[in-house]
Ligand code: HEM
Ligand code: FES
């Protein structure tokens, strides 16, 4: 806690500096002069008075007049706060025993009881100490001389010579063979940990190019795992998240293969012929993994047919093969070719024709 | 009054220690250490104390937290999630919250303390920057501080990922996308970090080790180094009466400062506890466990990540596809390039400034920000850039609140991010120069007292009052930037240093720093002094230093 209200001006900062430069170079000069002898700084090596240099306080010459009454009131305040802190601890233990955790509200009460009493304890101690410093202890500033950081020239030179003498004695400077082979031994040492880390993970290979969709894989609803019939998904404007059958609980698979199924009126679609063949009766399937950095592009605005990624607001037009209409994503969401099987269930025709999700170097 | 005798027990302990460590002298010197009084010196203290709080609360959390991605079905106290499949990491976070008394409190204290820690480091760093307290001899402590800030960001991101809730998982997903965007090695880095494809089963345990062991260990070592250097070099101080390059004035460590600092520690801890008790933070039970297919809209990351979020949001969708490779600029630049653009100048600033100004003097009295207009202006443009990026991270909230289309806010930020820092630079520099002029005038003519006097001639004048000694010291505290060593030597031959490319860049920059200089005001109307003529030549740095210290 900082305060500058030094109420005793005379014990503040010395106005003058010592006349001779030698003064400042003394190892450590502490304290500011009492008004009477302001021409000289008191220092720790001043001859002791009455055998007790600290008779007037730890910093000779420093004083701060404050009425005894004010000090006493400060002591009382501080003591009051310290007692409150103690009571806070009693309350804390009581709260720990009384309030049990469990459901949301019980937990909230317990949290408030423990946290509230802890707050009381800590803030009361802080307040008590503040009273102590501000009301009981004297205020004054002490002047401390700095030592120049750079060493004196002779000292530096001596060290330099000493060091080189040592290097010479060791033979390090004299035998290049020793020096160079040592460096040879040391150089690769920093690389070994990197070698050791190789087994942190498998190599990427072509893994990012494939998902778990194959010809004939059923589209099952995310969450329930139920397969979906085209006939059951027939109201235009409908949207549902699907995953490959059998992978409903495989997060690694879902992270790549999740698909957003959208039902539009066939005449609303503006697709190439090939893309048209990837849809079924106005049902169109897009990768749900945003091509920006991979958040689920989960929001769909029915009126404008726009798919929106909530992370950085990339917007894709569901009618136009998920063309990017806004935001930082650089590519459309890949389309999953779908059709129906003999029983009318929606299935994949094949895997995606391009990698899903964020761009990567080898993507091409 | 005499000194009370040392109590026997205390004396006994003291003697025991001294017999073994010869500590009386050492302790005597260090307990007398002086701490200058200024509120801005408390910023670093806040960072230190919140770091301690983080260590304490984090250790408590480790007793129950289970950093595993193994999936279990929840059947704990929070009934709304009964029967839901989730990772053990998420389950144990729920357990800490709902089945451990004080667990939720410690989670919230840990999270709040993390936010306070990073905010305090951030503001502390700004204070050091704007006052030039990073200058020689404190450059290395600046480097340590900048490293701590960056590690703080990383550590916070790691911690945020641990509970494995929907939001933290989304953070990981974004991290995956960013890693993938790195040219050539991106996919490898990603596979090695995650132990395979996203999300895999390794990332949380790995992050846990980094979060509770490696990074805090490094940070602790750096914090200790930071304080040892500070202790050895002593604090800087603001200009004022009696304050010199050769001294430091303030409250001594023992007894007053020790109690002040103690009080402040309890205050910071108390405020953190208050927040933990009454301000809900990261209620992971509302978000549900992570699944890559779901997301809740309107989610915001912790504040210190907001600027990266913003830069990802407003960067245009650039991507280069050529020769069978992809360069995802729309991720690479905002997620890695922009932080580089912010952190690189930040880290090298002390060295850059020293190179440009040629100022190799030791500095213990700090600059007032106005007295280093180019530095201050540069800092303000950095702050503006950061602030705008941060706001851009909330562009959806802004567009909703102000009812403007998202499209509009995005384009606004694209322009603002380029123009804002430039405008901030120009405006700040002008303000600084204006303030300097005012100081110079006040130092030479006093300040306008507002008292109007009528002269015998009938003319009215305003009485100028002289500054107090303290105010005057402050008003003339500006130190001139030294001139660069002569570009042309006595015979008119350009010195080799200034002929090289770098030499020319350097003198251009130097000129830019000093060209608008306002001469330092001379006290008590002794004329205005032309500061330019009297620039100290940069002689041998060594001699300079010693002179500086003695003057
Ligand atoms: C130094 C800076 C640190 C920062 C900025 C930081 C930040 C965070 C954050 C933001 C969380 C998420 C908390 C939540 O809302 O659940 C977290 C979780 C956690 N942290 Fe830290 N932390 C730091 C150091 C530590 C240390 C030193 C330890 C242990 C000794 C630790 C142990 C934990 C544990 C076990 C969790 C997961 C528990 C949970 O989320 O409930 N942290 N950390
Ligand atoms: S991840 Fe979808 S916009 Fe960034």
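Can you tell me the FRET efficiency between residue A:320 and residue B:209 if r is taken as the Cβ-Cβ distance and R0 is 60 Å, rounded to the nearest 0.05?
0.80
How long is the gain from residue B:59 to residue B:348 if the chain were fully straight, where each residue apart is worth 0.36 nm and the alpha carbon distance is subtracted?
100.6 nm
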Rotationally averaged projected area of segment B:122-267 (alpha carbon convex hull; nm²): 12.4 nm²
When A:273, B:71 are arranged by how many other beta-carbons sit within 10 Å of their Cβ, fewest first, they go A:273, B:71
Which whole-angstrom value gives the distance between the alpha carbon centres of segment B:340-387 and segment A:93-113? 50 Å
What average count of beta carbons from other chains do you get within 10 Å of the Cβ of residues in B:250-262? 6
Cα gyration tensor of segment A:68-200, axes a ≥ b ≥ c as square roots of the eigenvalues: rounded (a/c below 1.5), prolate (a/b > b/c) or oblate? oblate
Suppose a student asked you for the relative contact order of chain B, using Cα pairs under 8 Å spaced at least 6 residues apart; what percent would you report? 16 percent
Contact order relative to length for chain A, counting C-alpha pairs under 8 Å separated by 6 or more residues, stands in percent at 12 percent
Three-way shape label, the protein assembly as shown, alpha-carbon gyration tensor, a/c 1.5: prolate
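Rounded to the nearest 500, what is chain A's calculated 222 nm mean residue ellipticity when only DSSP H runs of at least 4 contribute -39500 (n - 2.57) each, over all residues?
Value at 222 nm, helices only, nearest 500: -9500 deg cm²/dmol.
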Per residue, the convex hull volume that the Cα atoms of segment B:214-323 enclose (Å³): 321 Å³
For residue A:168 and residue A:98, calculate 0.36 nm times their separation in residues minus their Cα-Cα distance, and state this gained length in nm to one decimal. 17.8 nm
For the Cα atoms of chain A, what angle does the longest principal axis make with the long axis of helix A:68-98, in degrees from 0 to 90, nearest 10? 30 degrees
Let me confirm one metric for peptide A:122-133, namely the mean number of other chain beta-carbon atoms within 10 Å of its residues' beta-carbons. 6
Neighbour-count ranking for B:466, A:196, A:260 (other C-beta within 10 angstrom, fewest to most) reads A:196, B:466, A:260
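Provide A:317, B:164, B:75 in ascending order of the number of other Cβ atoms located within 10 Å of each residue's Cβ, fewest first.
With the fewest neighbours first, A:317, B:164, B:75 line up as B:75, A:317, B:164.
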Along the Cα→Cβ direction, 7 angstrom out, place labels at residue A:146 and residue A:195. What is the inter-label distance in nm? 4.9 nm
Just to confirm my numbers, what's the Cα centroid distance between segment B:437-470 and segment B:99-164 in Å? 47 Å
Tilt of helix A:153-170 relative to the longest C-alpha principal axis of chain A, in degrees (0 to 90, nearest 10)? 60 degrees
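Is it possible to state the helix-based mean residue ellipticity at 222 nm for chain B, with each DSSP H run of 4+ residues giving -39500 (n - 2.57), the sum divided by total residues, to the nearest 500 deg cm²/dmol? What is it?
Details: 22 runs with 317 residues, N = 551.
One gets -18500 deg cm²/dmol as the mean residue ellipticity at 222 nm.
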For chain A, the Debye formula with one identical point scatterer on each Cα and no solvent gives log10 I(q)/I(0) at q = 0.08, 0.11, 0.13 Å⁻¹ as -0.81, -0.87, -1.02
Residue-averaged beta-carbon neighbours from other chains (10 angstrom radius) around B:268-274: 6
Hey, how many Å between the Cα centroid of segment B:47-65 and the Cα centroid of segment A:176-249? 34 Å
How many nm separate the modelled label positions at residue B:452 and residue B:184, each set 7 Å beyond the Cα in the direction of the Cβ? 7.5 nm
Specify the angular offset, from 0 to 90 degrees and rounded to the nearest 10, of the alpha carbon long axis of helix B:541-550 from the longest principal axis of the alpha carbons in chain B. 80 degrees
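Every read-out reported here was derived from the displayed coordinates using simple, explicitly stated rules and does not represent laboratory data. The model shown is predicted, which means the values in this text are computed figures rather than measured ones. For neighbour counting, all protein chains shown are included, and Cβ atoms are generated from backbone atoms with ideal geometry for every residue, glycine included.
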